[in-house]
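The values are calculated or read from the model by the stated rules, or taken from the named source; none is laboratory data. These figures come from a predicted structure and were not determined experimentally. Glycine gets a Cβ as well: all are built from the backbone with ideal geometry, and neighbour counts include every protein chain shown.
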Amino acid sequence: MTRDIIDINNFIVLIEHSSAEKTFVEKCGFESGVIGIAFYGKGEVELNIVKDNLKETYHNTKGAALSFYAGKGSTFEHTISPEQPMQSICIVSTLDNFKKLPEHEQKVYEEQLSELVVPKKDIVGGPAFYMTPHMQTAVEKIFSTTFTGNTRMMFLRSQVTELLAHFFAELDKPITDTLKNEDVEKIYEAKEILDSNISAPPSLNELSKLIGLNSNKLKKNFKEVFGMPVFKHLQNERLSQAHDMLKDSELSIQEAAWQVGYESLSSFSNAFTKKFGFRPSEIKR
């Protein structure tokens, strides 16, 4: 496990990357009560926030964003699944530090997370949803950056600020009609099918038949749930997996491109550079 603990603008930011061959539980805690916002870039993770006889449980998957208040002496328990590396970014502020934020930032918290700013019990769950594409891009940039030293700190500060801005912008959107639970379940099923067949995915019509939803409804609902079109998600997942292959294995750039379904090396390289801001060859140096 790697963990960076950074102090940015009165926020404590925990950037964690964990992997394991078997299930294990990672624990941490805060001495003071905290307001927290967490973003999960990877993994199938269970998070328990425990305080005395109170417990709040979150079942998180890649792309989840959530918020919470945890009182003084609370314990955070992450259960990491085998073969499912976890990437998480948790941005927290103690209530004392919250009062030191600029007035306009305090106002945003008070308007959008009032139940966390003035908690009625020691553990309070706040808004949770699937990250927008802008949030996912910011998270991916944090974990893929090659910057070091002071330049890295400047970069992390900018990305954390961007993450918070996108999070609150999403909360500020007007409430619209929600999808039926059964349709949401079908959309998540479609995502799982795509993620499990990254190099040779089904066509849109095939995917529609597999989940029992017509193609027009699949396209519309997928974008509503995940914030992007079906095959934009597929491209992002392909490039993210290729990035990890290049970083953590001995595969060549051509081999990584083939593994995730790209036949053209130039198309892969151009898409990779557009997504991450650097060419795949820079990882293999």
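Okay, here's what the table says:
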| item | result |
| --- | --- |
| Which listed residue, of Leu163, Leu156, Leu218, is outside the structural domain of Glu110 (by TED's automatic domain parsing) and touching a helix residue (DSSP H, G or I) at 6+ places or on another chain (Cβ under 8 Å) | Leu218 |
| Test result for Val118, surrounded by fewer than 12 Cβ atoms within 10 Å (Cβ to Cβ) and either of a type in the set (D, E, K, R) or more than 15 Å from the chain's Cα centre (by Cα) (or both) | yes |
| Selection status of Met135, more than 25 Å from Val225 (Cβ to Cβ) and either under 11 Å from the mean Cα position of the chain (by Cα) or modelled with pLDDT under 90 (or both) | no |
| Filtered residue count, the range 255-285, keeping only those that are in contact (Cβ under 8 Å) with a residue 40 or more places away in the chain, farther than 20 Å from Asn197 by Cα and not acidic (Asp, Glu) | 5 |
| Search result, residues across the range 122-136 that are touching a Gly at 6+ places or on another chain (Cβ under 8 Å) and outside any strand (DSSP E or B) | Asp122, Met131, Thr132, Pro133, Gln136 |
| Residues (in a helix (DSSP H, G or I), touching a strand residue (DSSP E or B) at 6+ places or on another chain (Cβ under 8 Å) and of a type outside the set (S, T, N, Q)) located in the range 96-121 | Phe98, Tyr109, Glu115, Leu116, Val117 |
| Inter-residue pairs, beta-carbon under 6 Å, first assigned by TED's automatic domain parsing to the domain that holds Glu26 and closer than 15 Å to Ser32 by Cβ and in the range 86-105, second small (Gly, Ala, Ser) and not in a strand (DSSP E or B), 6+ apart | Thr94/Ser32; Leu95/Gly33 |
| So Ser208, is it free of Cβ contacts under 8 Å to residues at least 40 places away in the same chain, hydroxyl-bearing (Ser, Thr, Tyr), outside the structural domain of Phe39 (by TED's automatic domain parsing) and farther than 23 Å from Gly41 by Cβ | yes |
| Members of the range 68-92 that are of a type in the set (Gly, Ala, Ser) and surrounded by 22 or more Cβ atoms within 10 Å (Cβ to Cβ) | Ala70, Ser74, Ser88 |
| Whichever residue in the range 69-97 is of a type outside the set (A, V, I, L, M) and touching a helix residue (DSSP H, G or I) at 6+ places or on another chain (Cβ under 7 Å) and, among such residues, is nearest to Phe143 (Cα to Cα) | Gln87 |
| Hits in the range 53-75 - residues which are under 15 Å from Ile123 (Cβ atoms) and either at pLDDT below 85 or assigned to a strand (DSSP E or B) (or both) | Asn53, Leu54, Lys55, Glu56, Thr57, Tyr58, Leu66, Ser67, Phe68, Tyr69, Ala70, Thr75 |
| Residue list for the range 181-205, filter: touching a residue at least 60 places away in the same chain (Cβ under 8 Å) and surrounded by fewer than 17 Cβ atoms within 10 Å (Cβ to Cβ) | Ile198, Ser199, Ala200 |
| Residue, modelled with the lowest pLDDT, within the range 234-285, restricted to residues that are part of a loop (DSSP other than H, G, I, E, B) and among the aliphatic types (A, V, I, L, M) | Ile283 |
| Looking only at the range 222-238, and only at residues there that are under 17 Å from Ser196 (Cβ atoms) and among the hydrophobic types (A, V, I, L, M, F, W, C), the one that is surrounded by the fewest Cβ atoms within 10 Å (Cβ to Cβ) | Phe231 |
